[in-house]
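Taken together, the values in this text are just the output of simple stated rules run on the coordinates, not laboratory data. Predicted model, so just to flag it, every value in this text is computed and none were measured. Note that each Cβ is placed from the backbone with ideal geometry, even for glycine, and that neighbours are counted across all protein chains shown.
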Amino acid sequence: MPRSFLRRALPLAAIALAMAGVYASGLYQYLSFDALAAHRDTLTALADRNPVLIIGAYILAYAGATALSVPGGAVLTILGGFLFGTWLGGAFAAVGATIGATGLFLAARAGLGDLADKVSGARMTRIRDGLRRDAFSYLLAMRLIPLVPFWLLNLAPALLGVKLRTYVTATALGILPGTVVYASLGNGVGTILDAGGTPNMGIVLQPSVLLPLLALAAFALLPTIAKRVTAWRQAPTAT
């Protein structure tokens, strides 16, 4: 195996080892509502005493959880709303998620970025080139729809050769609406926990939330659809 490949694969291997460590140690289990309920007074006190430190720690923790594809992103976002309010909590969550997703993207691009180009076939080439050409619209639309696995959207663009700037911009813009929705739930989580309840994790799937997100996703695809229609109309017809 070439040494150049091994060097390029090191970041991705390090992430894989860290991910295995997190799952083996059970650290991911702390991203739960039970843990939030048990430690909310401590977290609130820390946020009141050292707000800058807690903001930095929150963003780094979110980035790490995202890069390692640790389940519990929704709980982290709700925690952000609980500690910082709807808008700041949503913004901090989006920043952390974007940093973590970008780290995983860069690691995957370094280690596996040339795999897509090695897949032969005219049809595959057309699909790959089309996705690269309209990467921003496709990625933004899929980020807006909360049904697409987040980890998949972190890896697939790296394999398809999407530009870093396109990836970061579409990711940051696409995840912001969803983080604000979950942060708004976190803003009232204290009252929910006091009543012995559990935050409704299906809030994003409620029609009042999901339909606007789907509309935004459709809007993000309009430029791509318009280009396809224009190209189809301008294509010469067979005689």
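Tell me, what ³J(HN,Hα) does each residue in segment 42-53 have, in order and in whole Hz, if you take phi through Karplus 6.51 cos²θ - 1.76 cosθ + 1.60 with θ = phi - 60° and put x for Gly and Pro?
Each residue's phi maps through the Karplus curve to give 5, 5, 5, 5, 5, 5, 6, 7, 10, x, 5, 4 Hz.
How would you rank 12-18, 173-179, 93-99, 45-51, highest first, on the average number of other Cβ atoms within 10 Å across their residues?
So the peptides 12-18, 173-179, 93-99, 45-51, ranked by packing, come out 93-99, 173-179, 12-18, 45-51.
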